[in-house]
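Note sheet for the following structure.
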Amino acid sequence: MLTITSGNRMARINNWIHGTCPGDSCLQSEQGLMGLAEGGWWGVGLGQSRQKWGRLPAAEDDYIFAIIGEELGLIGTLGVLLLFTALALIMLRMITRLDDHFMQITVAGISAWLLGQAFVNMMVVTGLLPVIGVPLPFISSGGSALLASMTALGLLISFARREPGAAEAIGARLSSVRRSIGVLPAPRESGAAKDTAAARASSAPKKKGTKRAKSGKPSTSKLSPKPSERAVKRSGARSSSTRSRRSGRGSAPSSRRS
């Protein structure tokens, strides 16, 4: 009834259905399409839009998507579309993983609200739907619409903490953060302390060498034979002593016989 009784609203619907624009009834939709066309692939640059300076009505509200397309080009509009697609996938994952039916129904309602509003706004800007004055969630300026969208996002975050395994994952991350904070680096030594330690380390072997030189005693490490050489010498001395004993025993009877 409100649409039928309003001449402005019926004019917008008739313009979209029949394609006729008497007067300036299609000014907003035409300027929005012109902004998207001027953006091209890469856009005219961030903050360099011309349509937002009085040419496009409600450029910061209902037609903010056209300004994004003009400044950032097709790449920017596809980026916004991908962000809302990622949000849709996240909410679908929450619906399938949550055990509480109330949470599932709430997430489904929030997803239908936010995603439906976003895609209706994009379709209006691109001319696929008549101009109906729906803002783009999280992007269009405004107090009440932005407050409601952020409240819905807060509910989604709260429900995400109730997913199976979410509490364990959050606890593990918090414990790792606490461990990383608890590990403190060792205190650094000053330059004077490092110099004194290096001087002590360098002077210690020099003193030992001077003492050996003054005493005149050669180092035992160079003159002392190896353990294998000692064993060979000992075995040689034992064999020579046994031979001398045997020879002495054999000569004693011969002297007696003579």
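Structure notes:
- Residue within the stretch 126-147 that is β-branched (Val, Ile, Thr) and part of a helix (DSSP H, G or I) present: no
- Filtered residue count, the stretch 35-63, keeping only those that are surrounded by fewer than 22 Cβ atoms within 10 Å (Cβ to Cβ), under 19 Å from Gly142 (Cα atoms) and among the hydrophobic types (A, V, I, L, M, F, W, C): 2
- Top-ranked residue in the stretch 111-120 [being under 16 Å from Leu156 (Cβ atoms) and hydrophobic (A, V, I, L, M, F, W, C); ranked as surrounded by the fewest Cβ atoms within 10 Å (Cβ to Cβ)]: Ala112
- Note on the stretch 1-102: enclosed helices (runs of 4 or more DSSP H) holding 1 or more residues that are touching a Lys or Arg at 6+ places or on another chain (Cβ under 6 Å) are 2-5, 27-39, 64-97.
- Residue among Met123, Met150, Met103 that alone is crowded, with 19+ Cβ neighbours inside 10 Å and among the aliphatic types (A, V, I, L, M): Met103
- Under the condition of being under 15 Å from Ala118 (Cα atoms) and touching a Phe, Trp or Tyr at 6+ places or on another chain (Cβ under 8 Å), the residues counted in the stretch 71-89 number 3.
- Count of the stretch 10-22 residues, restricted to those that are within 18 Å of Leu128 (Cβ to Cβ) and surrounded by 13 or more Cβ atoms within 10 Å (Cβ to Cβ), is 6.
- Some residue of the stretch 22-32 being farther than 14 Å from Thr126 by Cα and among the hydroxyl-bearing types (Ser, Thr, Tyr): yes
- Within the stretch 121-145, residues that are without any contact (Cβ under 8 Å) to a residue 60 or more places away in the chain and over 18 Å from Gly35 (Cα atoms) have Cβ atoms under 9 Å from residues that are polar (S, T, N, Q) and surrounded by fewer than 20 Cβ atoms within 10 Å (Cβ to Cβ) in these pairs: Pro137/Gln117; Ala145/Gln117, counting only partners at least 6 apart in sequence or on another chain.
- Top-ranked residue of the stretch 131-182 - restricted to ones that are of a type in the set (S, T, N, Q) and within 25 Å of the chain's Cα centre (by Cα), ranked as modelled with the lowest pLDDT: Ser180
The values are calculated or read from the model by the stated rules, or taken from the named source; none is laboratory data. Values in this document were obtained by computation on a predicted structure and should not be read as measured data. As a convention, Cβ positions derive from the backbone with ideal geometry for all residues, glycine included, and neighbour counts pool all protein chains shown.
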